[in-house]
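Values in this text are rule-based calculations from the coordinates and carry no lab data. What you are looking at is a predicted structure, and each value in this text was computed from that prediction instead of being measured. All Cβ positions, glycine included, derive from the backbone under ideal geometry; neighbour counts span all protein chains shown.
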Amino acid sequence: MAVQLACGSDAHALIPAIADTKFRGPGHNEVLADNLYDSDENHRVAAAEVALIAPTRKGGKKAP
């Protein structure tokens, strides 16, 4: 697992982190994450290893 700067986005770090955890030993069955990680891609790839639990991102137009 690589160290990242705090000023950079880690939105794409979830899948490598799951793989690294599985490599190091028995991983987890579930991953709780914030909505930054709630992408279709993350859910699709993570589903092979864990249940990804993350709140959905709000979409649509902002209220006036």
Check: Roughly how tilted is helix 14-24, in degrees to the nearest 10 and between 0 and 90, from the longest Cα axis of the chain?
Finding: 20
Check: Pick from 13, 48, 33: which residue has the top mean-square fluctuation in a GNM of the chain where Cα pairs under 10 Å get a spring?
Finding: 48
Next item on the list: Please work out which option in [x] 59, 23, 21; [y] 50, 27, 16; [z] 42, 26, 17 gives Cα extents along the principal axes in Å calculated from these coordinates, and answer with its label.
Entry: [y]
Notebook entry, point to check: ³J(HN,Hα) across the stretch 35-40 via Karplus (A = 6.51, B = -1.76, C = 1.60, θ = phi - 60°), whole Hz, x for Gly/Pro?
Noted result: 5, 4, 9, 8, 10, 4
Check: Between the DSSP loop rule and a limit of at most 16 other Cβ atoms within 10 Å, which GluC sites (Glu not before Pro) in the stretch 19-52 are left?
Finding: 49
